[in-house]
Structures are given as C-alpha cells and as structure tokens.
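In what follows, a single structure is set out as structure tokens and then discussed.
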Amino acid sequence: MGNRPPHLIYLALFLVFFGRNTAGAQDSRSELAKLFETASDRENLRGQNEATFRLAGDIRIWADKKHPAEGKYLLIWTPNTKWKEQIVFKDYSRIRIGEEKQFWQVRSVDDEVPSVFILDSLLNFRDRLTLQPLDQLIRTPSEKVNGFQVQCIKSVPGVGFPHTFCFDASNDSLVTYRLSGERQNSVLNLDAMEFAQFQAWHGKIFPRTLRGFHGKDLFVEVDFEEIQIAPNLRPDYFSVPKDATVWAYCPSSQRSMVRRVNPFYPESARQRHEQGVVTVSAVIESDGSVSHVRVVQSAGAELDQAARSAVAQWTYTPSSCSNAAGREETLIDVIFSLRL
C-alpha cells in the first residue's frame, strides 16, 4: 500500500474485441459509476484521517504452490500524510518512508520481486475501481458471497477483457473482483480478488482479509489485525536512511505514453511457432524515459530480446505530481501471438 500498483501495460500483436452486451441498459452509466466512486472513497484509509493509525498483518504468497512464503506487513499513517510501510519475508525486506508526492525506499534486492508487485496490486485494490471514459458498465444478476447479498457490475473496456466487481449491498464495499476471458499466462494478473472481515474506522470501512487468485489457486493472502491508533512514535521514526532511493508517489496519477515502439516479431521465432508473454520490469525515469529493462518472465531468447529492445525505447509524459522528484517502477507484459 506504499504506492499505487504498477501500471500494467499490455502490448499485443493482436487485438481481441468483445461484443457489447446491451443487457442492463436501464441503468445509466453515471448511476453505476457512482457505486465505484462511493466504494473507492469509503475504503480509502489514506484519505482524511484525524488520527495516526497502525495497520499490521500477516502475508502468505504461494509462488511455490506447496510451501507459501510467510511475511509481515506494517503501515503507520499520519494525518499530515507522512507514512512508513514495511514488508518483511525471510529473504526479502522493503521499507518505504513517504509523504504526499514521493517516498524513499530501502530494499534488500535491486529489482522488485514479481510476487511483491502482485502483493502491491492486491494491497492497492482501490485503484481497480478507477474507470476509464470508454468503459461500458453493465449490471449483472445479484449473487451471494459468504452468505451476503452482493450487487455485481461488469466493466467492459474498449479493448481487452471484461472485469466484474461485486459490492456489498448493505455498505457498498467491494467484496469480489474477477477478470473474465482467456488468461495470457502473465505473472502480473490476479484473476480474482476477495475481501472480507470489514472494519469501520473514522468514517471509512476496510477489509482485514484480502485474497488474490491465479485461476482457482490462491496466490496471495493478507490477514490484518484490527486497525488501531498508533502508539507514540520516536522523533526519528520517519527519518530517511542515507542509502535510500527516492521514488514518485502518485496514487491518482496515470502517465500517458508519448512514444511506443512495437516489438519486432522475429521471423525465425514465427517459423518455429514460438509465442507467449514476455514480462519485463522497468523503471520510468523522472524525464519519462525507460531504463533498467529486465525480463522476469521469459517466452524464449528471441522474443525476450525483441520485447526488451522495444520497451527500452518507450517514453512517457511526466506524471501529475512531476514537481516531486522520483521515478516509478513497473511491470510490462508484451504478448506475442500467431493468431489472426
């Protein structure tokens, strides 16, 4: 929760268009969009708060399906927007100390671990409630989740796979999220999220149990303790370590791409019918250039090189908080497909 989840960018050599479903036309888009806005505001612990709070919990990640990695999470948040977040596993640790538009980070590894990117996306689930202008919203039949009645809305983008969001009918909180359509074997996507054990806090309501799934398999789970007022903090609690790096913190920011170079599909790879998803990690520098491009999921040497070469040439506009120093880390999916 220390920053917005990485903007997950999907570059494909084919486009899949979904037919528009006209069912539910009796609901206006603005009416349905209001539910997304309400849920996002109600679950925003980092909004206006009158007290410094402590959010702590246990993390389990099933990168190894038989033996989950177990870790700890801690967030201290103050009314003046100073915050400190810690994630600790046996072989991994990350500390972020932040303010309104940037944070300082110390991490035990140079490049972010893909499974922690996914953890971040679960912790920052509110960002999925941000709608794009062309998203079509369709009310679907109500469902029961854990014995409670929920109202569900399908969000259909102009290009890509639909998403279904289900909200608790009693308090408008988000309880489930599902990604529809064919998976592209990406390490980025959680196919479903579940939220439970909600706690009221200073006019907000927040889930203390968060689960993320790959297909039907549980991949990441976070169980929080009750949100509490933080104890008195040491004067140096938010001091920045001397070896920390500075990064942009723009929860509502969306960078726009200025230049995108499409990857070249190597002819020899085509002849061998090689296809798949190459996932790369990268850093978007303050000036919008891309650096530190590294493959974290391979689809073969030739496709990896094609993806890496293309992404390294991308450029972005400054983010909405570009007056604050800092860079941004991201994961990018590059999809190679031979289907027409």
First in the stretch 264-280 and outside the structural domain of Ala307 (by TED's automatic domain parsing), second anywhere and loosely packed, with under 13 Cβ neighbours inside 10 Å, Cβ under 8 Å, 6 or more apart: none
Which residue, of Phe103, Phe117, Phe89, is crowded, with 17+ Cβ neighbours inside 10 Å, assigned by TED's automatic domain parsing to the domain that holds Thr176 and farther than 29 Å from Asn232 by Cβ? Phe117
Please go through the stretch 126-161 and pick out each residue that is more than 17 Å from Thr176 (Cβ to Cβ) and part of a loop (DSSP other than H, G, I, E, B). Thr130, Leu131, Gln132, Pro133, Leu134, Asp135, Pro157, Gly158, Val159, Gly160
Residue in the stretch 228-236 that is part of a loop (DSSP other than H, G, I, E, B), in contact (Cβ under 8 Å) with a residue 60 or more places away in the chain and surrounded by 14 or more Cβ atoms within 10 Å (Cβ to Cβ) present: yes
I'd like the full set of residues that are at pLDDT 95 or above and under 18 Å from Asp127 (Cβ atoms), limited to the stretch 37-71. Leu55
Of everything in the stretch 148-162 that's free of Cβ contacts under 8 Å to residues at least 60 places away in the same chain and crowded, with 18+ Cβ neighbours inside 10 Å, which residue is farthest from Lys34 (Cα to Cα)? Val150
Test for Leu74: is it modelled with pLDDT of 95 or more, among the hydrophobic types (A, V, I, L, M, F, W, C), surrounded by fewer than 16 Cβ atoms within 10 Å (Cβ to Cβ) and under 20 Å from Leu210 (Cβ atoms): yes
Tell me which residues, restricted to the stretch 265-289, are surrounded by fewer than 13 Cβ atoms within 10 Å (Cβ to Cβ) and either more than 11 Å from Ser337 (Cα to Cα) or among the polar types (S, T, N, Q) (or both). Glu267, Ser268, Gln271, Arg272, Asp287
Return only the number of the condition from (1) crowded, with 18+ Cβ neighbours inside 10 Å; (2) of a type in the set (A, V, I, L, M, F, W, C); (3) modelled with pLDDT of 90 or more that Leu188 does not satisfy. (3)
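The values are calculated or read from the model by the stated rules, or taken from the named source; none is laboratory data. Please read these numbers as outputs of a predicted model, since none were measured by experiment. Note: ideal-geometry Cβ built from the backbone for every residue, glycine included; neighbour counts use all protein chains shown.
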